[in-house]
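One structure is given here, and the rest of the page talks about it.
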Amino acid sequence: MREILGRRRKYLFRRTGKSALIGAALHCATEWQWPVVPGVRLRSGARPPGARSGRGERAAPRCSCPDAGCVVPGAHPFEPGLLAATTDARMVRWWWTNRPDAPVILATGGRAPCAVSLPATAGARALAALDHFGVRLGPVVATPTRVALLVAPYDLAELGELLHSRDEVPSSLRFHGDGGYLVLPPSQTGAGAVRWERAPAPTPAAPWLPDVATIVDALVTASNRTPDGSRLAY
């Protein structure tokens, strides 16, 4: 029985498509107790009014939220809002049964993980540096444009104390703390596929998470030393 359950959990992390989204959402909510909410969906092939494209070109996906200029299409909550995030299996199952292609949004902070994200090139440099020094990492989420390292919950006071002593903190760093959110795999957003750069172990136990203090120096340094790494990249 344990072998069957183990194969089933691994399957949740390997498969792709709509069926994987509800599986991932349920796994996060019920086994890890991470509150989730469905994200806003993409409108594929839609163009803003007056936009033109050449023959054979495919229109970029647009967000289905009311903001025509949304800079993070398919990568944020809308209806329901972030405050609706839950670990209730019945609610999660109902949401993704009715919206099977909705991204999986983690409500960060509280008892849930927090995260720090940075542009992809700087993120690769930071991960290499952390690996070089033997720093133990938790799960890492990646998109074509950004990398996010999941960390243990932190509050604003702790974060402020960590950053106060640094001469320069790149504006490209994002801190996903209490009241924030993060898109989880295997969601699809306007930026592309969301995947695990460092996958959590497919077990019922919630993944181990490092303290933000153990990684923030490497992220700041990598962003400052990478060309355009200090610039915000969605």
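The numbered conditions (1) in contact with a Ser or Thr (Cβ under 9 Å, 6 or more places away or on another chain); (2) modelled with pLDDT of 90 or more; (3) part of a helix (DSSP H, G or I) are all true for GLN33 except (3). Of all residues in region 213-230, which are of a type in the set (A, V, I, L, M, F, W, C) and not in a loop (DSSP other than H, G, I, E, B)? Result: ALA213, VAL216, ALA218, LEU219, VAL220, ALA222. Return yes or no: is VAL183 outside any loop (DSSP other than H, G, I, E, B), touching a Pro at 6+ places or on another chain (Cβ under 9 Å), closer than 17 Å to PRO113 by Cβ and among the aliphatic types (A, V, I, L, M)? For VAL183, the condition - outside any loop (DSSP other than H, G, I, E, B), touching a Pro at 6+ places or on another chain (Cβ under 9 Å), closer than 17 Å to PRO113 by Cβ and among the aliphatic types (A, V, I, L, M) - is met. Which residues, counting only those in region 186-212, are more than 22 Å from ARG62 (Cβ to Cβ), part of a loop (DSSP other than H, G, I, E, B) and open to solvent by less than 20 Å² (accessible area, probe 1.4 Å)? Matches in region 186-212: PRO200, PRO210. Is it true that GLY45 is buried (at least 18 other Cβ atoms within 10 Å of the Cβ), of a type outside the set (Asp, Glu), at pLDDT below 90 and touching a strand residue (DSSP E or B) at 6+ places or on another chain (Cβ under 9 Å)? Against the criterion (buried (at least 18 other Cβ atoms within 10 Å of the Cβ), of a type outside the set (Asp, Glu), at pLDDT below 90 and touching a strand residue (DSSP E or B) at 6+ places or on another chain (Cβ under 9 Å)), GLY45 does not qualify. For GLY180, the conditions (1) touching a Leu at 6+ places or on another chain (Cβ under 8 Å); (2) open to solvent by less than 20 Å² (accessible area, probe 1.4 Å) all hold with the exception of (1). Looking across ALA152, ALA142, ALA148, ALA112, one residue alone is closer than 18 Å to HIS76 by Cα and in contact with an Asp or Glu (Cβ under 8 Å, 6 or more places away or on another chain). It is ALA142. Screening ALA107 against (1) small (Gly, Ala, Ser); (2) surrounded by fewer than 22 Cβ atoms within 10 Å (Cβ to Cβ); (3) under 30 Å from ARG41 (Cα atoms); (4) modelled with pLDDT of 95 or more leaves a single unmet condition, (2). Selection of first residues in region 76-95 that are surrounded by fewer than 15 Cβ atoms within 10 Å (Cβ to Cβ) and of second residues that are of a type in the set (D, E, K, R), restricted to Cβ pairs under 8 Å at least 6 apart or on distinct chains, gives an empty result.
Of the strands (runs of 3 or more DSSP E) lying entirely inside region 93-166, the ones with 1 or more residues being in contact with a His (Cβ under 6 Å, 6 or more places away or on another chain) and closer than 22 Å to LEU82 by Cα are found at 114-119. When each of PRO73, PRO139, PRO119 is tested for being touching a Lys or Arg at 6+ places or on another chain (Cβ under 7 Å), buried (at least 18 other Cβ atoms within 10 Å of the Cβ) and farther than 24 Å from SER19 by Cα, the lone residue that passes is PRO119. From the list GLU161, GLU168, which one is free of Cβ contacts under 8 Å to residues at least 12 places away in the same chain, out of contact with any strand residue (DSSP E or B) (no Cβ under 6 Å at 6 or more places or on another chain) and not β-branched (Val, Ile, Thr)? Exactly one residue qualifies, and that residue is GLU161.
The values are calculated or read from the model by the stated rules, or taken from the named source; none is laboratory data. All figures in this text were calculated on a predicted structure; none of them were measured in a lab. Every residue, glycine as well, gets a Cβ built from its backbone with ideal geometry; the counts of neighbours run over all protein chains shown. Accessible surface is based on the protein model in full, side chains and every heavy atom, while ligands, DNA and RNA are left aside. Shrake-Rupley method; radii C 1.70, N 1.55, O 1.52, S 1.80 Å.
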